[in-house]
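Beneath this line is the structure, given in structure tokens, with notes to follow.
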Amino acid sequence: MNEHSTQGFDKSMVMVSFIVSAFTAVVGPLILWVLKKDEDPATAEALRHVANFGLSYTIYGIVAGLLTVVLIGAIIGPIIGLAFYIFLILGAVKAYNGEMYKPPFTLDIIK
């Protein structure tokens, strides 16, 4: 599905998934994806992007935490945290507007 598609998915469910990821990062969006993945392919794809987003940025945060040993993690960690919340807000707004959004630097872990 096109990243800028404006139709075909449950925008309120995707928006809720982005908002839930602010508090649970991976668990909430992953549960929503598992519950909805068989109902609608477009919604499943959008929710998969949100789950991958949370998972990717959690991995980046863990790596930054490990890199604090060599001090670079102390610089990278806050940048990753800030980027997570900026992309989360962008994703929620785009979902509200009915646009499919895959945040930057999101790994495609869940297929």
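The values are calculated or read from the model by the stated rules, or taken from the named source; none is laboratory data. Predicted model only: the values in this text are computed from it and were never measured. All Cβ positions, glycine included, derive from the backbone under ideal geometry; neighbour counts span all protein chains shown. The protein model used for the area step is the full one, side chains on, heavy atoms only, and it has no ligands, DNA or RNA in it. Shrake-Rupley method; radii C 1.70, N 1.55, O 1.52, S 1.80 Å.
Worth a mention:
- Number of Lys-Lys pairs in the chain with C-alpha atoms under 13 Å apart and a separation of 8 or more places or on different chains: 4.
- The chymotrypsin sites (Phe, Trp or Tyr not before Pro) found in the stretch 1-107 that occupy coil by DSSP, while having at most 15 further C-beta atoms within 10 Å, are 105.
- Taking one quarter of the surface of the C-alpha convex hull of the stretch 42-101 gives a mean projected area of 3.8 nm².
- For the chain, a Gaussian network of Cα nodes joined below 10 Å ranks 72, 86, 31 by mean-square fluctuation, and the top entry is 72.
- Dipole in debye (nearest 20) - the chain, about Cα centre, beta carbon charges: Lys, Arg +1; Asp, Glu -1: 180 debye
- Kirkwood estimate for the stretch 1-88, i.e. one over the average of 1/r between Cα atoms, Å: 13.7 Å
- A DSSP coil position with no more than 15 other Cβ atoms inside 10 Å describes the following GluC sites (Glu not before Pro) in the stretch 5-111: 39.
- For the chain, the solvent-accessible area works out to 56 Å² per residue, with a probe of 1.4 Å and every protein chain left in place.
- The chain: calculated mean residue ellipticity at 222 nm from DSSP helix runs of at least 4, using -39500 (n - 2.57): -23000 deg cm²/dmol
- Relative contact order (%) - criterion: Cα under 8 Å, at least six apart; region: the chain: 39 percent
- For the stretch 37-77, convex hull volume per residue from C-alpha positions, Å³: 43 Å³
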